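Structure first, commentary second.
No lab work stands behind these numbers, since they all come straight from the coordinates. Worth saying up front: this structure is predicted, and the values here are computed from it rather than measured. A quick note on method: Cβ atoms are made from the backbone with ideal geometry, for glycine too, and the neighbour counts reach across all protein chains shown.
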Amino acid sequence: MTAEIVERVRRSSRYRDVDPALLDRLAAEELPRARNADDAVKRVKRRLHQAVGAFRGERRGDLLDAVRARWRGDLTDPEFRAACAAVMRAHASTRERVPHLDTLYMGIWQTTGVPARLLDIGCGLGPLALPWMAVGDATYLARDVDERPLATVRDFFALVGQPQSVGTLDAVAEVPSERADVALLLKLVPTLDRQDPGASARLLRGLEVRHAVVSFPARSLGGRGKGMERTYRERLDRLVAESPRVNAVTETSVQNELVFVLTLDG
Ligand SMILES: C[S@@+](CC[C@H](N)C(=O)[O-])C[C@H]1O[C@@H](n2cnc3c(N)ncnc32)[C@H](O)[C@@H]1O
């Protein structure tokens, strides 16, 4: 029965690119709650929208056309950066960050040092900020449960010649075993919480990294900013309390994003 639900969900082109592990997991969770197969398909699609669909932009041809056209071999070229920023602005999860890219990454590296290996979990299109990261020829390990942004990230790294490994990962089902200096979990905790409230703490327990960077949206528009910020600060406190490996927390927030560097014991 689970297989039938997965098969029906995969028939929709919207979710064909999602890691099959996530489809299996959501179908197994929703089937016992559903009234019938149609209801189960609807429920799985709703969960998929929360997990991945909500962060995708419109599907508009090849996202990298303008980025490719402006590539002259220099990540600091303003025209190239403008093209990368335009792609990030088209996506809900990266849009708000665009004005603060320099400060965001420099603030993080001040605590962690510039990483030689960087693991980006639930990366979405975040790696398109590479021109602002100033990590030189660091190896960039990009992971997401959604193959759609990963395809763009893979092409982007190939274009600029970044040492990399790009692949799907369901961070609820699996803790990545690769060693890295820094793991980025940018705006990932709220997304994982909706799938499994224990998933983020499991990541912090098992990651083979010295520093994990956890961030949360902190929109100040519309008067919702304060309550949202309080909620996410409390979430961070609980996450740290559940994670005995965390021995220091350094806040490096920028406008619109609460950012915390967690230093982990070995
Ligand atoms: C809010 S977006 C953040 C994207 C990026 N880290 C950023 O800050 O720009 C959440 C990302 O997590 C991914 N995601 C959702 N569930 C996941 C899971 N179980 N394992 C890995 N990635 C997941 C989504 O596909 C999406 O790219």
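Details
- Evaluated at q = 0.16, 0.21, 0.23, 0.31 Å⁻¹: base-10 log I(q)/I(0), Debye formula over Cα of the range 164-220: -0.50, -0.84, -0.99, -1.46
- Reported value for the range 135-186: 85 Å³ per residue, from the convex hull of its C-alpha atoms.
- Diffusion coefficient, µm² s⁻¹, Stokes-Einstein with Kirkwood Rh over alpha-carbon pairs of the range 24-120 at 4 °C and 1.567 mPa s: 77 µm²/s
- Over the C-alpha trace of the chain, radius of gyration and Dmax come out as 18.5, 56 angstrom.
- Largest to smallest principal axis extent of the C-alpha atoms in the range 108-266, angstrom: 42, 38, 31
- Helical runs (DSSP H, four residues minimum) scored at -39500 (n - 2.57) apiece and divided by the length of the chain put the mean residue ellipticity at 222 nm at -12500 deg cm²/dmol.
- Considering only 247, 216, 259, the residue lying farthest towards the positive end of the dipole of the range 199-266 is 216, judged by Cα position with unit charges set on Cβ.
- Reducing the range 202-266 and the range 141-156 to their Cα centroids gives an inter-centroid distance of 24 Å.
- The range 25-77, Cα convex hull volume normalised per residue, Å³: 119 Å³
- Rg followed by Dmax, in Å, when the range 84-128 is reduced to its Cα trace: 11.3, 30
- For the range 227-266, radius of gyration divided by Kirkwood radius, i.e. Rg to Rh on alpha-carbons: 1.00
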